[in-house]
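A.B. asks: This is the structure I have questions about; it appears just below.
Only the coordinates and a few stated rules stand behind these numbers; no lab work does. The structure displayed is predicted, hence computed values, not measured ones. Positions of Cβ are backbone-derived with ideal geometry, glycine not excepted, and every protein chain shown enters the neighbour counts.
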Amino acid sequence: MSKRIEIASVSKRFGRVEALRDVSLAVEAGEVVALLGHNGAGKTTLFRIMLGFIRANGGTLSICGEIAGSAAARRAISYLPESVAFPKMLTGREVVELYATLKGAARGDAGKALEQVGLAEAADRRCGTYSKGMRQRLGLAQAIVGQPKVLLLDEPTSGLDPVSRGEFYELIAGLARSGTAVLLSSHGLSELEARAERVAILRKGRLVADGPLAALQKSAGLPTRIRVRSTAGGAADIHQRFGGRRINGASVEIACAGEEKMPVLAALHAAPEPVADIEVMPPTLDEVYRYYSLGSNVEEDRS
Ligand SMILES: Nc1ncnc2c1ncn2[C@@H]1O[C@H](COP(=O)(O)OP(=O)(O)OP(=O)(O)O)[C@@H](O)[C@H]1O
Ligand SMILES: [Mg+2]
């Protein structure tokens with residue numbers, strides 16, 4: 001497979017702020033990669049370097065084998081910025097036609113793009129009358145018009161309702177199936193479940209994770225919690241035997257590593273104390289995201 005985006009050891013400083021440090025990331029044709037990170041982690045900066053809006057202080061970036069920022073690289077790339085604004089007097093169709101022309105795509109492609117984002121009916125209304133979610137959809141339409149080789153989307157689902165988010169990810173999957181390489185930034189892992197093949201996480205300008213969601217969940221090694229509810233006042237005995245913490249009079253919560261889950265359940269089953277119910281809670285995606293994003297996994301490096 002060909003690498004559509006290749007970022008190698010990229011660093012960027014803004015005065016004393018180290019926005020990116022030694023970031024390497026590649027996205028292949030047909031791949032959807034989600035770039036996550038806290039506010040100020042460096043996501044938008046990375047996009048802006050890929051687009052050639054600003055220059056990196058170190059490292060190399062190529063888009064479809066061309067140097068990022070070159071005319072050839074710019075032609076291959078489409079972008080949805082994190083805040084979109086269009087001239088209010090233009091209709092949705094006029095906006096997308098304008099972008100189609102700028103990209104050298106056929107003006108007629110605008111109608112298809114508007115339809116794909118669910119704006120066909122509102123296409124001939126002035127975009128100044130659009131709701132926030134409709135403006136976001138219009139931003140998407142201008143990004144996808146002309147079937148770009150590389151699609152960069154900076155927080156594309158912000159402002160979209162849950163159903164629209166689902167539709168958005170279906171649309172992106174369709175584009176990827178026809179060969180587009182997609183890199184999108186987002187703020188939460190949970191909405192990406194089963195939607196992004198790969199997740200990359202930036203923390204304070206460094207890439208701290210890059211892999212399939214399941215692999216990140218595993219390597220985070222966060223504990224599984226087992227909540228045991230006892231009958232007949234057995235909670236104190238369960239607590240004494242298994243440790244954990246008392247939740248209320250009747251329940252105990254035991255935290256264990258994923259691989260210890262079955263032995264703990266077997267021991268609970270065999271225990272003489274009466275057990276009324278057991279609830280097993282694996283780490284949530286939000287916990288996994290916090291683990292990487294807030295950084296209990298990486299050494300602080302202030303050098
Ligand atoms: N033009 C600039 N001048 C100075 N500092 C900048 C500039 N652009 C970005 N920064 C700084 O670089 C860091 C990374 O910012 P960036 O916008 O890339 O973060 P982000 O991950 O996109 O955050 P958010 O989730 O809030 O959009 C921040 O500390 C920011 O203040
Ligand atoms: Mg940003």
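A.B. asks: If you count, for each residue, the other Cβ atoms within 10 Å and average over each peptide, how do 68-74, 85-91, 29-35 line up from highest to lowest?
C.D. replies: 29-35, 68-74, 85-91
A.B. asks: For every helix of n ≥ 4 consecutive DSSP H residues, a contribution of -39,500 (n - 2.57) applies; sum these over the chain, divide by its total residues, and give [θ] at 222 nm rounded to the nearest 500 deg cm²/dmol.
C.D. replies: Computed ellipticity for the chain at 222 nm equals -9500 deg cm²/dmol.
A.B. asks: Against the longest alpha carbon principal axis of the chain, how many degrees, from 0 to 90 and to the nearest 10, is the axis of helix 261-270 turned?
C.D. replies: Around 30 degrees separate the two axes.
A.B. asks: While we're looking at this one, here's another question. What aspartates and glutamates could a cross-link reach from residue 3, if we take a straight Cα to Cα line under 20 Å and drop same-chain neighbours fewer than 8 places away?
C.D. replies: Within the straight-line limit of under 20 Å, residue 3 reaches these aspartates and glutamates: 22, 28, 31, 66, 197, 210.
A.B. asks: Using a Förster distance of 25 angstrom, determine the FRET efficiency expected from the C-beta separation of residue 247 and residue 270, and round it to 0.05.
C.D. replies: E between residue 247 and residue 270, to the nearest 0.05, is 0.65.
A.B. asks: Also, quick follow-up: In degrees between 0 and 90, to the nearest 10, how far off the longest principal axis of the chain does helix 92-103 point, with axes built from Cα atoms?
C.D. replies: With rounding to tens, the tilt is 80 degrees.
A.B. asks: Would you list, by chain and number, the lysines whose Cα falls below 21 Å from the Cα of residue 218, excluding same-chain residues fewer than 8 positions away?
C.D. replies: Candidates past the 8-residue exclusion: 261.
A.B. asks: Hey, another quick one. Please list the equivalent ellipsoid semi-axes of the chain, computed as the square roots of five times the alpha-carbon gyration tensor eigenvalues, in descending order and whole angstrom.
C.D. replies: For the chain, the semi-axes come out at 45, 24, 16 Å.
A.B. asks: Applying 1/(1 + (r/R0)^6) with R0 = 25 Å to the Cβ-Cβ distance of residue 16 and residue 53, what FRET efficiency is obtained, to the nearest 0.05?
C.D. replies: Efficiency, from the Cβ-Cβ distance: 0.75.
A.B. asks: In addition: Taking the highest mean first, how do the peptides 141-150, 236-245 order by number of other beta carbon atoms within 10 angstrom per residue?
C.D. replies: Highest-to-lowest ranking by the protection proxy: 141-150, 236-245.
A.B. asks: Over the chain, what is the relative contact order in whole percent, taking alpha-carbon pairs under 8 Å and six or more residues apart?
C.D. replies: 19
A.B. asks: Then there's this: Once both labels are modelled 7 Å past Cα along the beta-carbon direction, what's the residue 83-residue 26 spacing in nm?
C.D. replies: A separation of 3.7 nm, rounded to one decimal place.
A.B. asks: Using a simple spin-label model with points 7 Å from Cα along the Cα→Cβ vector, what separation in nm is obtained for residue 262 and residue 278?
C.D. replies: Going by the 7 Å Cα→Cβ label model, 1.3 nm.
A.B. asks: Ranked highest first by average number of other Cβ atoms within 10 Å, how do 47-56, 102-111 line up?
C.D. replies: By packing density, highest mean first, the sequence is 47-56, 102-111.
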